[in-house]
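To start, the structure itself, in structure tokens.
The values are calculated or read from the model by the stated rules, or taken from the named source; none is laboratory data. Only a predicted model underlies this, so the values are computations on that prediction, with no experimental measurement involved. Glycine gets a Cβ as well: all are built from the backbone with ideal geometry, and neighbour counts include every protein chain shown. Surface areas here come from the heavy atoms of the whole protein model, side chains and all, with no ligands, DNA or RNA. Shrake-Rupley method; radii C 1.70, N 1.55, O 1.52, S 1.80 Å.
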Amino acid sequence: MGSALAIDGGTAVVPSGTVRTWPEFTDSDRAAVLRVFANNQLHTNAAPFAQELQAKWAEYCGVKHCLVTNGGTGALHIALAAAGVRAGDEVITSAYSYWATAASILHQNAIPVFADVDPQTTTIDPARIEEMITDQTTAILPVDIHGVPADMDAVRAVAQKHGLLVVSDCCQAHGAAYKGQRVGGLADISGFSLNRSKNLTGGEGGLVTTSSDEHQRRCEAILRFQNVEDDEGTVAFSGLGFNYRPHEFVNALALSQLERLPTLNERRKEMAGYLTQSLTELAGVAGPRVPEYADPVYFSYLWEARPDELGLDVPAGTLRKGLCRALAAEGVPARPAQPRPVPGEGVFQAKLGYGRGCPWRCHAREVTYRVEDYPSTLKVCTSRAFLGGVYPPNDLNLMTHYVEAFAKVLGQIDRVLELAEEE
Ligand SMILES: Cc1ncc(COP(=O)(O)O)c(C=O)c1O
């Protein structure tokens, strides 16, 4: 019998206040934002920080063009609109993602069709994509979830076979690589988020990348109401556009953070690598499985509850619940991750879009959303949990405490299972 669990009055392994929050700000970040006042230009893609961020991000991703936007969801919406997705078209995306991915499809008045994931990588299963394609499908939207790139060669092969465009959701994967190539340059058009939680952050904001001149031209127009100026400077509106203009405070902060992105990503990888190796040595839990093709950037660190390794005949969700409760009391921020496949969310169950049944009514075929059609996503949703704090300014020292806490609670598994049953 080990020392008493913190939930039962024992001493917590991680003292309260130890886990620090993301992001970390430096004097350079502060100075960069203050320089915006000196420039006296606050917005548009022509402003100096926007221009510099666009040039640097395009170079970083190995693409020809980049546009900054005011959010990741907007970046994806712009990309889908520029890819030619029309009202009522079907776009195939992953059942496992933050729901903003599917929202960006609805924002184009198009219809999300979900494909199940590969349970190992938790990214979209290319074999499932093909069976979802209909004559209404116009694009595929894979997601680099938790910083792990989707299997892009396989996704692109399906797209090519069926004449579809690929728009990539890289919102959680700044700097991740697929077979040695950075995400952002692996699809026809890609979108990133710069929101507060992301590996590269400006507080809010987004980025669109492409190497196609034509897609860049369309993205640029859609981002700013599709207004075009003639030689005399007269503005005309040439089509439906939106306001996804960026803000210079955001651009300045993101640019300053970009200087440190490689170092910060390396620190995430070091912490994640240590955790995964250490959890392998503990029966009942495991870290994320990294596909051979991927160099992930651990936007979030997920671990898995494995009751079979402990000879327990309980669902993974039960063990996860007990472990999360016990770990949280030990000062380890552990909590269940995505609760259900995205098609199980109320918006899809009730088909709440633009009202009057749109976008689903702009469409000949009835699309149904049944969670049981996504067995691998369901399995991932019930067995995995987030581990907070696996990012700078936290360090390996904190990770050793996390491992100590896992070992402590796993050593008292009967009590952990009782906790799972308590209200
Ligand atoms: C996978 C994924 N897609 C899209 C988004 C949308 O990004 P934003 O919050 O910047 O609109 C996010 C971030 O929240 C995300 O994690």
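Here the dipole of the chain is about 480 debye; that uses its Cα centre as origin and unit charges on the Cβ of Lys and Arg (positive) and Asp and Glu (negative). Relative contact order of the range 72-115: what whole-number percent is it, with Cα pairs under 8 angstrom and at least 6 residues apart? Normalised by residue count, the contact order of the range 72-115 is 49 percent.
Note on exposure: W99, W360 ranked by accessible area (1.4 Å probe, complete protein assembly) read W99, W360, with the most exposed listed first. Rolling a 1.4 Å probe across the protein heavy atoms gives the range 124-231 an accessible surface of 36 Å² per residue.
Could you please state how large a percent of the accessible area of the range 302-423 is carbon and sulfur, counting protein chains only and using a 1.4 Å probe? In the range 302-423, the share of accessible area belonging to carbon and sulfur is 51 percent. Here, the range 195-303 has an Rg and a Dmax of 20.7, 72 Å when only alpha carbons are counted. The fraction of accessible area contributed by carbon and sulfur in the range 22-129 is 54 percent, rounded to a whole number (1.4 Å probe; ligands and nucleic acids excluded).
GNM on the chain, alpha-carbon springs under 10 angstrom: the most fluctuating residue among F299, F249, F192 is F249.
Return the single residue from G355, G202, G191 with maximal mean-square fluctuation; model: Gaussian network over the chain, springs between Cα atoms under 10 Å. Its mean-square fluctuation being the largest, the pick is G355. Annotation for the range 310-388: GluC sites (Glu not before Pro) lying in DSSP loop with at most 15 further Cβ atoms inside 10 Å of their Cβ are E366. Each other residue within a Cβ distance under 14 Å of L34 adds +1 if Lys or Arg and -1 if Asp or Glu, for a net charge of -1.
Would you please state the base-10 log of I(q)/I(0) at q = 0.06, 0.08 1/Å for the chain, with intensities from the Debye formula using one equal scatterer on every alpha carbon? Here the Debye-derived log intensity ratios amount to -0.26, -0.47. A DSSP coil position with no more than 13 other Cβ atoms inside 10 Å describes the following GluC sites (Glu not before Pro) in the range 239-309: E281, E292. At 1.4 Å probe size, what's the solvent-accessible area of Y298? Round to the nearest 10 Å². Rounded to the nearest 10, the figure is 30 Å².
Highest GNM mean-square fluctuation among S376, S193, S16, for the chain modelled with Cα contacts below 10 Å: S16.
List every DSSP H helix in the chain whose Cα atoms extend 24 Å or more along the helix's own long axis and whose mean Kyte-Doolittle hydropathy is at least -1.0. Within the chain the helices that satisfy the rule are 248-280. Which pairs in the list K321/K379; K64/K161; K351/K379 are over 19 Å apart, alpha-carbon to alpha-carbon? The answer is K64/K161; K351/K379.
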